[in-house]
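All of the numbers you see were taken from the coordinates with simple rules; none came from a lab. If you're wondering where the values come from, they're calculated on a predicted model, not measured in any experiment. Because the Cβ atoms are built from the backbone with ideal geometry, glycine has one as well, and the counts that use them run over all protein chains shown.
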Amino acid sequence: MNPVQNIVLATIILTFAVLEVASGRHRNFHATADDTRLELFMFIALIAISQPLAFMLTGKLCAWLMPDQRGAWSSLPWWAMTAILLVGDDMTQYWWHRVSHTPLLWPLHRAHHTAHYMSIRITYRNNFFYYLMMPGLWISGVLVYLGFGTVYLVYIVVKLTVILGAHSAVRWDEPLYRIRWLHPLAWVLERTISTPATHWAHHALTNDDGIGHYKGNFGNLLFVWDMVFGTAKITRRYPAKVGLQDDLVFGKERWFVEMFYPLFQSRRQHSVLARGGRVHAPSEVDADGAKAC
């Protein structure tokens, strides 16, 4: 990452962290030591290993396969670059996220849903291989090689701000629903970008409350993809609880199992993080056999 970008991103993260602490919502996290280890190590792994590795390898491959194309698209207007990034990175991440809720890839994404609290700290809480295999990261590396560098820096800052805001314990969209004259703005925003209300629903412990929607609301930066591909649910409400049902029954997985599966596997009685494992209750399995989370 560019040093300036790192400073900007650190400032954004710190701002959200201060807001969470100032609001007092951090007192409701009750995070375990394993939660903290998983979230910290995954964040470090993403910025120190996964993204740099993807960009380095794509740069080398592009230099080998198409050496004359370095910076070839740099003359495109910024809005065209942004549109290409929204499709090449954000839309592909929507589909990667959606596919990660199927039996094959669920073990790589499950960790993101095991937190029983919403906070910026869970934003990049996933399995190590989840980001390493994410298509949008590699596509972005190619686009940077083609000359999108400066626009990408701005784009990724905006995207991170939206994603952090969607996971934040501070529900910044709540006033938009409470204050009547802000309703038109709320209507536009909740259909355009991910918000706490729509994304918290994706993390809900259950769908039974009419709010939870863990088989939809997959958008990261843009919620537009959910609107277009039929997975959107907008209630302007927040689930009372988030997390996974099977963790409540059998206890949480160890942090290193969640982060490094399949290199480490669960010893729990019922777990999708064990060879041939599955969740314990048929009622918690969707038609495809994936954990409904």
TODO: Return the aspartates and glutamates within reach of Lys159: Cα separation strictly under 18 angstrom, same-chain partners fewer than 8 residues apart disregarded; answer none if there are no such residues.
DONE: Asp89, Asp90, Asp173, Glu190, Asp226
Task: Ordering of 81-87, 141-147 by burial proxy (mean other Cβ atoms within 10 Å per residue, highest first) - done: 141-147, 81-87
Task: Relative contact order (%) - segment 13-172, alpha-carbon pairs under 8 angstrom, separation at least six - done: 40
Open item on the list: Just to confirm my numbers, what's the Cα centroid distance between segment 34-56 and segment 185-237 in Å?
Closed with: 26
- [ ] Starting at the first residue of segment 233-243, write each ³J(HN,Hα) from the Karplus equation 6.51 cos²θ - 1.76 cosθ + 1.60 with θ = phi - 60°, in whole Hz, x for Gly and Pro.
- [x] 9, 10, 10, 6, 10, 10, x, 5, 9, 10, x
Task: Contour excess over end-to-end distance, with Cα ends at Trp187 and His270 and 0.36 nm allotted per residue - done: 25.7 nm
Task: Protection proxy ranking of 148-156, 46-54, 115-123 - average other beta-carbon atoms within 10 Å, highest first - done: 115-123, 148-156, 46-54
- [ ] Excluding Arg98 itself, calculate the net charge of residues whose Cβ lies under 11 Å from the Cβ of Arg98, where each Lys or Arg counts +1 and each Asp or Glu counts -1.
- [x] 0
Open item on the list: Given an 8 Å cut-off on Cα distances and at least 6 residues of separation, report the relative contact order of the chain as a percent.
Closed with: 22
Task: Exposure proxy order (Cβ contacts within 10 Å, fewest to most) of Glu20, Glu39 - done: Glu20, Glu39
Open item on the list: Given axes a ≥ b ≥ c from the Cα gyration tensor, I'd like to know whether segment 3-284 is rounded (a/c under 1.5), prolate (a/b larger than b/c) or oblate.
Closed with: oblate
Task: Charge dipole (segment 3-284, unit charges on Cβ, about Cα centre) - positive-most of Met118, Ile179, Val87 - done: Met118
TODO: Sort Ile193, Ile179 so that the residue with the fewest other Cβ atoms within 10 Å of its own Cβ comes first and the one with the most comes last.
DONE: Ile179, Ile193
- [ ] Could you please report the charge total around Asn126, scoring K, R as +1 and D, E as -1 over all other residues with beta-carbon less than 11 angstrom from its beta-carbon?
- [x] 0
